[in-house]
Amino acid sequence: DAKTTQPTSMDCAEGRAANLPCNHSTISGNEYVYWYRQIHSQGPQYIIHGLKNNETNEMASLIITEDRKSSTLILPHATLRDTAVYYCIVMRRRGGSEKLVFGKGTKLTVNP
Amino acid sequence: EAQVTQNPRYLITVTGKKLTVTCSQNMNHEYMSWYRQDPGLGLRQIYYSMNVEVTDKGDVPEGYKVSRKEKRNFPLILESPSPNQTSLYFCASSSGGQGPGEQYFGPGTRLTVT
């Protein structure tokens, strides 16, 4: 699985968009980008995933660059409850032994 | 409500006393897995199961056992717990059709072994 690089921490004002970057320069053609978050020792929560097209759901948007070497998770209107560690993970979608490999993630703090 | 449940949520035990942490999901998911989370080491996979009666080792399986006799349950067994197994444990599941990338996690079990 490709490695990912994320900033250690970020701050965002409540109500503003939070843009969380992730670099995955060695991503393979059949690897997806997944985003999870973990709110203070709760179980990680799946947010969104994508292959090459931009994706949007009720939680967030995922923007993947054309060369697929980086992506950005966008929380359009961050709230205090979005304060969490956000993990960017790259892996194939199916197969025998694929697994989520959680790095250190980005600690996002949403400030009032 | 679709969910993954774990029991107990908190457990303090002594070295060598066998224990089982239960995990159950109500989403008819084929894939289930166990993780442990430790400060500075992040989340690491212990065991996973692609389907009933199919289990395999993750990254840190030593000292743990699992079984998958039915689709909904995936218990984690510590036959002889040791203090280095003090950790926060998470169970997770996902649909076989979606692959292991989209996992639903349980609330966690905080285990302390003295």
Inset, instruction - Of the options B:SER24, B:LEU41, B:PRO8, report the single residue whose Cα projects farthest towards the positive end of the charge dipole of the range B:1-81 (beta-carbon charges: Lys, Arg +1; Asp, Glu -1). - result: B:PRO8
Inset, instruction - Work out how far the C-alpha atoms of chain B reach from end to end along every principal axis, then list the three figures in whole Å, largest first. - result: 41, 29, 27
Inset, instruction - Could you check the simple spin-label distance between B:GLU70 and A:ASN53, using points 7 Å along Cα→Cβ, in nm with one decimal? - result: 4.0 nm
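To the nearest 20 debye, what charge dipole does chain B have about its Cα centre, counting +1 at the Cβ of each Lys and Arg and -1 at the Cβ of each Asp and Glu?
Here chain B has a charge dipole of around 340 debye.
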Inset, instruction - Determine the alpha carbon to alpha carbon distance for each of A:LYS104/B:LYS17; A:LYS107/B:LYS57; A:LYS3/B:LYS57; A:LYS69/B:LYS57; A:LYS104/B:LYS18; A:LYS69/A:LYS107 and list only those over 25 Å. - result: A:LYS104/B:LYS17; A:LYS107/B:LYS57; A:LYS69/B:LYS57; A:LYS104/B:LYS18
Legend entry - DSSP-defined beta bridges in chain A - what % are antiparallel, rounded to 5: 85 percent
Inset, instruction - State the cysteines of chain A left without a partner when partners are defined as other cysteines whose beta carbon lies under 4.7 Å away. - result: A:CYS12
Inset, instruction - Please work out the average accessible area per residue across chain B, using the 1.4 Å probe convention, and give it in Å². - result: 45 Å²
Inset, instruction - Take peptide A:37-44, look around each residue's Cβ out to 10 angstrom, count Cβ atoms belonging to other protein chains, and average those counts. - result: 5
Legend entry - Taking the convex hull of Cα positions in chain A, its mean projected area over all directions (nm²): 6.6 nm²
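The values are calculated or read from the model by the stated rules, or taken from the named source; none is laboratory data. Remember, predicted model here, so these are calculated numbers, not experimental data. Here the Cβ is made from the backbone with ideal geometry for all residues, glycine too, and neighbour counts use every protein chain on show. Note: areas computed on protein heavy atoms with side chains; ligands, DNA, RNA excluded. Shrake-Rupley method; radii C 1.70, N 1.55, O 1.52, S 1.80 Å.
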